[in-house]
Each structure stands twice: as C-alpha cells, then as structure tokens.
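The values are calculated or read from the model by the stated rules, or taken from the named source; none is laboratory data. Here the structure is a predicted model, which is why all the values come from computation and not from measurement. Heads up, the Cβs are rebuilt from the backbone with ideal geometry, glycines too, and the neighbour counts pull from every protein chain shown.
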Amino acid sequence: MKILITGIPGSGKTLISQEIKKKYPKLRFFIINDKDFSMSKKLGVFDKVTKEYVVDIVKLNKEAKFAFNKDSKNTIFEGHLWCELSKKTLSKFDYIFYLDVSEKLLRKRLIERKYDAVKIEENIMCLNTNYIPNMLSKIKIPFHTISADNNLKLNLNKINKFLRL
C-alpha cells in the first residue's frame, strides 16, 4: 500500500504519518519524507541566501519513480514536494491526503518553528491560493482533503474513514 500525505509545511504531515504507522503496526509502514529523501539522493543544492535545500523536481520525480516501483513495502510518502510528481507516478498511490489547516494555525506553527517572515508569507500564500489541491486537480489526480487542526485523534479519525485497512 502506498499513501501520500501532503500539505503546506506546518500542516501536520509528519505527525499524522507517524500516527498512521503507530495505529497499524502489523502493516509495518515505512515513511519517506520528501526532504530527507531528496537530500539523501543529492537531488538539490543548498541555497546560501535563503538557507534552504532547493530540490530539483525533475530529479525528484525520476528517483521517486524508481523508489516507488522498487519498494513493495507499505509506504507513506510524506511532504509537500510529492505533489509535484508526474501524473503517472501520482496515480500509483492508493490514497492521497491533503492536510488543510487554517491560516491562523499555520502561521502559529511556522512562527513556533522560527520560520523567516518571508517564508511564512510564501507558505500562507500557497495555502490561500490552494496551490497543492490545484496542482493535483489540474492533472486530475483524486485526493482527499482533510481539514486538520490541533486535535490529532480527530485528524487521524478523518483519514481512517477513507483507509480500507
């Protein structure tokens, strides 16, 4: 089984992924974080100005296709960059969940993480313009929007309604 958990940075992707893994120990989910994956495969460069690791999406897509096809394990792909994969690769997921959070909650979380003010506003803009849902819809990839908040149990229950495990 392959699950994609995507959303704006700070939407709760990592925590939800870890909770799904804990809830279904018999499935032995393996979690692949987009940033960690990209860095381990050297799919980008560190930008000294923005102090960010900038991933080459073409390279990410190529490596993700290989990892996806090679890996027969139950896997949760977690991160905001996965929505940039090709339609062919995205269509192989059994489930795709987009975590949607309020602007107020997202801003609070990014401030707590000490994000730069410009980066916070970039992420807020992506949230408000529905960047990720629009990317997936544009290439006709079905996904489930999960309105997430600080109630982890409730967020997980919303996802469990769709999972047939």
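Quick one: in region 108-138, which of the residues that are aliphatic (A, V, I, L, M) and exposed (fewer than 14 other Cβ atoms within 10 Å of the Cβ) is nearest to residue 87 (Cα to Cα)? Restricting to residues being aliphatic (A, V, I, L, M) and exposed (fewer than 14 other Cβ atoms within 10 Å of the Cβ), the top hit is 125. Residues that are within 14 Å of the chain's Cα centre (by Cα), modelled with pLDDT under 95 and more than 25 Å from residue 115 (Cβ to Cβ) are absent from region 26-37. Of all the listed residues (163, 110, 105), the sole one being part of a helix (DSSP H, G or I) and out of contact with any helix residue (DSSP H, G or I) (no Cβ under 7 Å at 6 or more places or on another chain) is 105. Annotation note: of 104, 88, 114, the sole residue that is among the basic types (Lys, Arg) and closer than 28 Å to residue 24 by Cα is 88.
How many residues are of a type in the set (A, V, I, L, M, F, W, C), modelled with pLDDT of 95 or more and surrounded by fewer than 17 Cβ atoms within 10 Å (Cβ to Cβ) if we restrict to region 67-107? Matching residues across region 67-107 total 1. Residues of region 17-26 that are surrounded by 15 or more Cβ atoms within 10 Å (Cβ to Cβ) and either in contact (Cβ under 8 Å) with a residue 60 or more places away in the chain or among the hydroxyl-bearing types (Ser, Thr, Tyr) (or both): 17, 19, 20, 24. Restricting attention to region 119-142, the residues that are outside any loop (DSSP other than H, G, I, E, B) and out of contact with any strand residue (DSSP E or B) (no Cβ under 6 Å at 6 or more places or on another chain) total 16.
Under the condition of being part of a strand (DSSP E or B), in contact (Cβ under 8 Å) with a residue 12 or more places away in the chain, hydrophobic (A, V, I, L, M, F, W, C) and surrounded by fewer than 16 Cβ atoms within 10 Å (Cβ to Cβ), the residues counted in region 33-59 number 0. What about residue 160, is it surrounded by fewer than 17 Cβ atoms within 10 Å (Cβ to Cβ), under 14 Å from residue 3 (Cα atoms), over 14 Å from the mean Cα position of the chain (by Cα) and of a type in the set (S, T, N, Q)? Yes, satisfied. Residues in region 129-165 that are of a type in the set (A, V, I, L, M) and out of contact with any Asp or Glu (no Cβ under 8 Å at 6 or more places or on another chain): 132, 136, 139, 141, 154, 159, 163, 165.
To keep it simple, each residue is scored yes or no on (1) touching a Leu at 6+ places or on another chain (Cβ under 7 Å); (2) part of a helix (DSSP H, G or I); (3) over 20 Å from residue 123 (Cα atoms).
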site	(1), (2), (3)
31	no, no, yes
61	yes, yes, yes
65	no, yes, yes
93	yes, no, yes
